[in-house]
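Notes to accompany the following structure.
The values are calculated or read from the model by the stated rules, or taken from the named source; none is laboratory data. This is a predicted model, so every value here is computed, not measured. Neighbour counts run over all protein chains shown; Cβ positions are idealised from the backbone, glycine included.
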Amino acid sequence: MCCEPLGRVAMDTRDFVLLSLSAFGGEITGRTLFQKRLYFLAALAGRQDEFGFRAHYYGPYSSAVADALGELKALGFVEETRIPLQGQGAGGFERNLFEIKLTDAGGRLAERKMKSLADQDSVLLDGARKIKDLPTANDYAKASIAAKVHYITVQKGEAWNTRAAAEEARKYDWSLDPGAADEAASFLERLGLVRVDRT
């Protein structure tokens, strides 16, 4: 919708995960936030279906992305560290928080792959910069709502309208607070991912 596709150059899911992590500064804290940030990045490139994002309890989720992350961990390119949560529960749904981070070897591999993709690195870097500069993309609960809003909008094929989307959300067993959904739609509009119907 907004950016040139990541791919006139072939990029498999493992490369997408590796390069996306690199574009986000080498680390993302939280598995939900990891999935949602990569979903937005794939959506900016028009490749969310290709990377296997489907409706899931907390919004769009890709088992292919999760598998690729597991492969990168097994190969020593990514490490995942559990962060103890103290007093968690107020407003959050993650019971465990994990820091997902490129290892030194992963960083070097990402750098080599970025060079081989030529101008595609700027698409990833620009997309990542746009995403992380907006507060919604730094809060996993808000990012989850925004991902649901985007997914619904894409499925309906029309501008975001809170009232019209409520029925669509029920198809996926999603409950969307209208205020939170409208805030998410504004975030997505700033990214150029949705058009908002304000009538």
Checklist entry - Which residue pairs have Cβ atoms under 8 Å apart, sit 6 or more places apart or on different chains, and have a first residue in region 153-167 that is farther than 13 Å from Asp197 by Cβ and a second that is among the aliphatic types (A, V, I, L, M) and surrounded by 15 or more Cβ atoms within 10 Å (Cβ to Cβ)? => result Val154/Ala43; Ala166/Leu176
Next on the checklist: Can you tell me which condition Asp133 does not meet? The list is (1) out of contact with any Pro (no Cβ under 8 Å at 6 or more places or on another chain); (2) touching a residue at least 24 places away in the same chain (Cβ under 8 Å); (3) closer than 26 Å to Leu19 by Cβ, and all the others hold.
Outcome noted: (2)
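Identify, please: which residue in region 39-60 is among the hydroxyl-bearing types (Ser, Thr, Tyr) and crowded, with 17+ Cβ neighbours inside 10 Å and is, among those, farthest from Ser20 (Cα to Cα)?
Here is the first cut: in region 39-60, the residues among the hydroxyl-bearing types (Ser, Thr, Tyr) are 39, 57-58.
Subset that is crowded, with 17+ Cβ neighbours inside 10 Å: 39, 58.
Details: Tyr39: 10, Tyr58: 20 Å.
For region 39-60, the residue satisfying everything is Tyr58.
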Checklist entry - Which pairs do you get when a residue that is at pLDDT below 95, found in region 17-30, comes within reach of a residue that is aromatic (Phe, Trp, Tyr) and part of a helix (DSSP H, G or I), reach meaning Cβ atoms under 6 angstrom, with the pair 6+ apart or on two chains? => result Gly30/Tyr140
Checklist outcome for this item: Matching residues in region 110-157 (over 23 Å from Glu99 (Cα atoms) and either of a type in the set (Gly, Ala, Ser) or not in a helix (DSSP H, G or I) (or both)) number 6
Checklist entry - Got at least one residue in region 107-121 being closer than 29 Å to Ala184 by Cβ and at pLDDT 80 or above? => result no
Checklist outcome for this item: Picked from region 121-154 (must be crowded, with 21+ Cβ neighbours inside 10 Å and polar (S, T, N, Q)), the residue farthest from the chain's Cα centre (by Cα) is Thr153
Checklist outcome for this item: Leu176 vs (1) under 19 Å from Leu38 (Cα atoms); (2) free of Cβ contacts under 8 Å to residues at least 40 places away in the same chain; (3) not in a helix (DSSP H, G or I): all pass except (1)
Checklist entry - Which ones in region 158-168 are assigned to a helix (DSSP H, G or I) and either polar (S, T, N, Q) or surrounded by fewer than 18 Cβ atoms within 10 Å (Cβ to Cβ) (or both)? => result Thr162, Arg163, Ala164, Ala166, Glu167, Glu168
Checklist entry - Inside region 184-199, can you point out the residues that are assigned to a helix (DSSP H, G or I) and in contact with a Ser or Thr (Cβ under 7 Å, 6 or more places away or on another chain)? => result Ala184, Phe187
Checklist entry - Out of all the residues in region 74-92, is one or more under 23 Å from Pro60 (Cβ atoms), surrounded by fewer than 21 Cβ atoms within 10 Å (Cβ to Cβ), at pLDDT below 90 and out of contact with any Ser or Thr (no Cβ under 7 Å at 6 or more places or on another chain)? => result yes
Checklist outcome for this item: With criteria (1) surrounded by 15 or more Cβ atoms within 10 Å (Cβ to Cβ); (2) at pLDDT below 90; (3) of a type outside the set (A, V, I, L, M, F, W, C); (4) under 24 Å from Arg31 (Cβ atoms), Ser175 comes up short on (1)
